[in-house]
Amino acid sequence: QVQLVEAGGGSVQAGGSLRLSCAGSGSISSFSGMGWYRQAPGKQRELVAVLDTSYRTTYTDSVKGRFTLSRASALNTINLQMNSLKPEDTAVYYCRYDAGPLAYWGQGTQVTVSS
């Protein structure tokens, strides 16, 4: 079992910045990816940024150049720096850890961007 603890999020005005962090603990093994997804009201959950086994990062097009996913010194901790936030970034952000065929999700953290 893997537990994911998310931190950060909150409310900002457009153009502002927020930082999310996610720390994994528990029976972590067979790392195959870790990243952030988001779900806006009435929409499907979508990928925001993910780190693969080669520690390469993939971003969805809408956040490229604004968001930066990084891996902290702790092996199972990632941070998402979100700059130049837009109202359309408003969503619940979820951390996900992939361990082989299994996927673990955090509880989600709300990000609200006002215009």
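The values are calculated or read from the model by the stated rules, or taken from the named source; none is laboratory data. Please read all numbers here as calculations on a predicted model, not as lab measurements. Because the Cβ atoms are built from the backbone with ideal geometry, glycine has one as well, and the counts that use them run over all protein chains shown. Side chains are part of the model used for accessible areas, which takes the heavy atoms of the whole protein and leaves out ligands, DNA and RNA. Shrake-Rupley method; radii C 1.70, N 1.55, O 1.52, S 1.80 Å.
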> When segment 94-115 is examined, which residues are found to be outside any strand (DSSP E or B) and small (Gly, Ala, Ser)?
Replying inline: GLY100, GLY106, GLY108, SER115
> Is there a residue in segment 65-78 that is in contact with a Lys or Arg (Cβ under 9 Å, 6 or more places away or on another chain), surrounded by 14 or more Cβ atoms within 10 Å (Cβ to Cβ) and under 27 Å from SER115 (Cβ atoms)?
Replying inline: yes
> Which number in (1) open to solvent by less than 40 Å² (accessible area, probe 1.4 Å); (2) modelled with pLDDT of 95 or more; (3) over 14 Å from the mean Cα position of the chain (by Cα) marks the one condition that VAL2 misses?
Replying inline: (2)
>> Which condition from (1) β-branched (Val, Ile, Thr); (2) more than 11 Å from ARG96 (Cα to Cα); (3) modelled with pLDDT under 95 is the one that THR58 breaks?
In response: (3)
> Does segment 13-23 contain at least one residue that is open to solvent by less than 20 Å² (accessible area, probe 1.4 Å), closer than 19 Å to THR77 by Cβ and not polar (S, T, N, Q)?
Replying inline: yes
> So THR53 fits all but one of (1) polar (S, T, N, Q); (2) closer than 24 Å to SER114 by Cβ; (3) open to solvent by 70 Å² or more (accessible area, probe 1.4 Å); what number is the exception?
Replying inline: (2)
> Among the residues of segment 26-44, is there at least one that is closer than 14 Å to ALA91 by Cβ, surrounded by 15 or more Cβ atoms within 10 Å (Cβ to Cβ) and among the β-branched types (Val, Ile, Thr)?
Replying inline: no
